[in-house]
Amino acid sequence: MALFTPNVDKLREKNDIQGLLKLTKHRKAEVRLNALLALVKIRDQSVIEDLKKLIHDPDPRVRTIATIKFGNIKDPVIIENLRQIIISGSQRDKIEALRVLSEIGPTDDIEISKILYLAFKDKKMMVSIEAIRTMGYLKDKYAIPHLVEALDSKHYQVRVEATRALGMIGGDQAVSPLIGCLVDNNAEVRKTAHDALKKIGTERALKAITDAPFMLLVKRMTEGGAQREETVKQIGQFKIKEAAPLLIKACNDEFKSVRISAARSIGILREKSAVNALVKLLDDPYYDVRLEAVRALEKIFDPQALKAIEKAMSDPNKNVRDEARVAYYSLKSRLERVYESE
């Protein structure tokens, strides 16, 4: 029995189209798949007609890639095959599948979005990064919350790609998190955010990168811890609501004092868009940060804030639990009065 395995990469380098086409009929599914991936960008119609035959290949991975490129991506069977690649395929298979998927162009297909989320949560960072890129290429509006989540990653490469993807998707939902990225501790992230806001081009997006007073706030938020803390305090003191994205970013600051001041200023602004950031602070290792998050949530008139405070009623620290109980019933009664009057 022959042990020889065809060298697909070598044929690709030689641009040996006929050699690669021959391998799409190889007995091994792995060889057929790699040959197909090497040929998916070919424009020759005669080659495409041969590749379309792989839509009926016995191997589900080969069928999936062939159908994404040449068939009907909305076919439920193909969607399921693609899902299985993301769940159990090799890292290479997952990345290649995502790259081919990215070529279908903008889509609002929720099933595709679900598959991208699976890839986004993959344990391998390279797969997650490729999923983020694909979210951007497909302008997947459902992906925005996941991309915002990625902006808190400790890996700057993930933050760069998430920032770029948000810029590609655009829209009002992307503007606030991108403004927050202007004060990221990595220069590449900051530049990518600047370019993304410029590309989006709405009045609010452009103001963030052209308004002198706001740019000064951004500059100070990229300086030392003491400067960041003072800036965060001033945003609350002077009630600069347009700077709320900077406060949200500050909730993830390395310094405890900055996180505490950010929570206080969010409370002063009663900023609903910051509820998720405060929820994350309820898991902060320092009880006084969690305490300040509870106090800020109590000032935000929103059911989501009430739910978060309820969680804090089980905090391991007595001071936080006591504050949470008072805040919970205070916010609950205010919300109920409004609902009763409607």
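The values are calculated or read from the model by the stated rules, or taken from the named source; none is laboratory data. Because the structure is predicted, anything quoted here is derived from the model rather than measured. Note that we place each Cβ from the backbone using ideal geometry, even for glycine, and neighbour counts take in every protein chain shown.
Quick check on the range 182-196. Is at least one of its residues surrounded by fewer than 18 Cβ atoms within 10 Å (Cβ to Cβ) and without any contact (Cβ under 8 Å) to a residue 24 or more places away in the chain?
yes
Just checking, which of Thr231, Thr222, Thr210 is more than 22 Å from Ile260 (Cβ to Cβ), out of contact with any His (no Cβ under 7 Å at 6 or more places or on another chain) and among the hydroxyl-bearing types (Ser, Thr, Tyr)?
Thr210
For the range 48-87, which residues satisfy the criterion of being of a type in the set (A, V, I, L, M) and in contact (Cβ under 8 Å) with a residue 24 or more places away in the chain?
Leu51, Leu54, Val62, Ile65, Ala66, Ile68, Ile73, Ile79, Leu82, Ile85, Ile86, Ile87
Which ones in the range 39-73 are of a type in the set (A, V, I, L, M) and more than 29 Å from the chain's Cα centre (by Cα)?
Leu39, Ile42, Val47, Ile48, Leu51, Leu54, Ile55
Condition check: farther than 29 Å from Ala150 by Cβ, among the hydroxyl-bearing types (Ser, Thr, Tyr) and at pLDDT 95 or above. Does Tyr328 satisfy that?
Criteria met by Tyr328.
Hey, can you tell me all the residues within the range 88-138 that are among the small types (Gly, Ala, Ser), outside any loop (DSSP other than H, G, I, E, B) and without any contact (Cβ under 8 Å) to a residue 12 or more places away in the chain?
Ser88
Looking at the range 139-158 only, could you name the residues that are part of a helix (DSSP H, G or I), crowded, with 24+ Cβ neighbours inside 10 Å and not hydrophobic (A, V, I, L, M, F, W, C)?
If the condition is that a residue be part of a helix (DSSP H, G or I), crowded, with 24+ Cβ neighbours inside 10 Å and not hydrophobic (A, V, I, L, M, F, W, C), then no residue fits.
Please list, ordered by residue number, the helices (runs of 4 or more DSSP H) wholly in the range 202-285 having 3 or more residues that are farther than 23 Å from Thr163 by Cα.
225-237, 256-269
Residues in the range 159-170: is at least one part of a helix (DSSP H, G or I), in contact (Cβ under 8 Å) with a residue 60 or more places away in the chain and either among the acidic types (Asp, Glu) or buried (at least 22 other Cβ atoms within 10 Å of the Cβ) (or both)?
no
Given the criteria within 26 Å of Glu111 (Cβ to Cβ) and touching a Gly at 6+ places or on another chain (Cβ under 7 Å), does Ile79 qualify?
no
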